[in-house]
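Colleague: The structure that follows is given in the form of structure tokens.
The values are calculated or read from the model by the stated rules, or taken from the named source; none is laboratory data. What you see is a predicted model; the values in this text were computed from it and never measured. Note: ideal-geometry Cβ built from the backbone for every residue, glycine included; neighbour counts use all protein chains shown.
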Amino acid sequence: MKNIKSWFDGLSSVGRVSLLASIVLGGLFTVSAMSPLQTTSPTTQVENIQAEQVEPVKPVVTTKTETKTEAISFDKNVVESSDLAKGVTQIQTYGVEGVKTITYDITMTDGVETSRTSTEAITTPAVDEVTLIGTYVKPVSNCDSNYSGCVPIASDVDCAGGSGNGPAYTSGPVQVIGTDIYGLDRDNDGWGCE
């Protein structure tokens, strides 16, 4: 023990510090019992420390794309039409659902989703349903359907300017296309009030 102490006392102050540093740092400095204390240069020490450091494991980042489609519902519109009788309905255009495509861009870190963005695009537009509803009301005619040319509907009709007493009159000529209910075609040639 005395020999080690006298050996330690014989070291220069730099040698003592180096020896203590080698003990504390676990081998950065090398000491030989048979030879004077040998040290590595500070530059070599830093290089050794850097070489021994373990690189941290970098996360594995991957991306992927997913798509899905969704139906787009169509609207139902009602349009009035004077070509159809009042209250009658008719489908002019049948509704068809559209298709919307949604694309997701997904980022995965070590197999776990860390972000997601989406974009939408209408792949097939919807077709709206159009239903026609009739508004046409046949006008009420005051003309008798037995004649072409207006002969009023009344209890009796005579030719205007004639000897008849009405109560209604018509100007001729009028064509008899049904039954001559008012007796306007006296000569039976198919025409009255000539």
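Colleague: Does any residue in the range 122-147 that is assigned by TED's automatic domain parsing to the domain that holds residue 98 and under 23 Å from residue 72 (Cα atoms) come within less than 8 Å, Cβ to Cβ, of a residue that is part of a loop (DSSP other than H, G, I, E, B) and acidic (Asp, Glu) six or more places away or on a different chain, and which pairs are these?
Modeller: The qualifying pairs are 126/75; 126/97; 128/75; 129/75.
Colleague: Of (1) at pLDDT 95 or above; (2) within 30 Å of residue 139 (Cβ to Cβ); (3) not basic (Lys, Arg); (4) not in a strand (DSSP E or B), residue 91 satisfies all except one. Which?
Modeller: Of the numbered conditions (1) at pLDDT 95 or above; (2) within 30 Å of residue 139 (Cβ to Cβ); (3) not basic (Lys, Arg); (4) not in a strand (DSSP E or B), the odd one out for residue 91 is (4).
Colleague: So which residues in the range 166-182 are farther than 11 Å from residue 145 by Cβ, part of a loop (DSSP other than H, G, I, E, B) and either touching an Asp or Glu at 6+ places or on another chain (Cβ under 9 Å) or at pLDDT below 90 (or both), if there are any at all?
Modeller: Initial filter on the range 166-182 (farther than 11 Å from residue 145 by Cβ): 166-176, 180, 182.
Next, only the ones that are part of a loop (DSSP other than H, G, I, E, B) stay: 166-167, 171-173, 180, 182.
166, 167, 171, 172, 173, 182 - these are the residues of the range 166-182 that are farther than 11 Å from residue 145 by Cβ, part of a loop (DSSP other than H, G, I, E, B) and either touching an Asp or Glu at 6+ places or on another chain (Cβ under 9 Å) or at pLDDT below 90 (or both).
Colleague: Now, a different point. Does any residue of the range 68-76 turn out to be under 30 Å from residue 137 (Cβ atoms), modelled with pLDDT of 90 or more, hydroxyl-bearing (Ser, Thr, Tyr) and assigned by TED's automatic domain parsing to the domain that holds residue 128? Before the answer, list the steps.
Modeller: At the first step, the residues of the range 68-76 found to be under 30 Å from residue 137 (Cβ atoms) are 75-76.
If we keep only those that are modelled with pLDDT of 90 or more too, we end up with 75-76.
Filter once more, so that each one left must be hydroxyl-bearing (Ser, Thr, Tyr): none.
No, the conditions are met nowhere in the range 68-76.
Colleague: Let me ask another. Do you know which residues across the range 86-113 are under 18 Å from residue 74 (Cα atoms) and charged (D, E, K, R)?
Modeller: Residues satisfying the conditions are 97, 100.
Okay, residues lined up against (1) charged (D, E, K, R); (2) surrounded by 11 or more Cβ atoms within 10 Å (Cβ to Cβ); (3) touching a His at 6+ places or on another chain (Cβ under 9 Å); (4) over 21 Å from residue 67 (Cβ atoms):
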| site | (1), (2), (3), (4) |
| --- | --- |
| 106 | no, yes, no, no |
| 122 | no, yes, no, no |
| 125 | no, yes, no, no |
| 133 | no, yes, no, yes |
| 137 | no, no, no, yes |
| 142 | no, yes, no, yes |
| 149 | no, yes, no, yes |
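Colleague: Scanning the range 112-157 for residues that are among the small types (Gly, Ala, Ser), assigned to a strand (DSSP E or B) and out of contact with any Asp or Glu (no Cβ under 8 Å at 6 or more places or on another chain), which turns out farthest from residue 63 (Cα to Cα)? Write out each step before concluding.
Modeller: So the first thing to find is which residues in the range 112-157 are among the small types (Gly, Ala, Ser), and the list is 115, 118, 121, 126, 134, 141, 145, 148-149, 154-155.
Still in the running and assigned to a strand (DSSP E or B): 115, 118, 121, 134, 148.
With the extra rule that they be out of contact with any Asp or Glu (no Cβ under 8 Å at 6 or more places or on another chain), the set shrinks to 115, 121, 148.
Values: 115: 10, 121: 21, 148: 84 Å.
Only one residue tops the list, namely 148.
Colleague: Please verify whether residue 170 is of a type in the set (Ser, Thr, Tyr) and either assigned by TED's automatic domain parsing to the domain that holds residue 79 or surrounded by 16 or more Cβ atoms within 10 Å (Cβ to Cβ) (or both), treating the condition exactly as stated. It would help to see each step written out before you state the result.
Modeller: Numbers: of a type in the set (Ser, Thr, Tyr): yes; either assigned by TED's automatic domain parsing to the domain that holds residue 79 or surrounded by 16 or more Cβ atoms within 10 Å (Cβ to Cβ) (or both): yes.
Yes, satisfied.
Colleague: Step by step: first the residues of the range 108-120, then only those that are acidic (Asp, Glu) and more than 14 Å from the chain's Cα centre (by Cα), then the one that is farthest from residue 66 (Cα to Cα). Which residue is that?
Modeller: Restricting attention to the range 108-120, the residues satisfying the condition of being acidic (Asp, Glu) are 110, 113, 120.
So of that shortlist, the ones also more than 14 Å from the chain's Cα centre (by Cα) come out as 110, 113.
Details: 110: 18, 113: 13 Å.
Out of the qualifying residues, it is 110.
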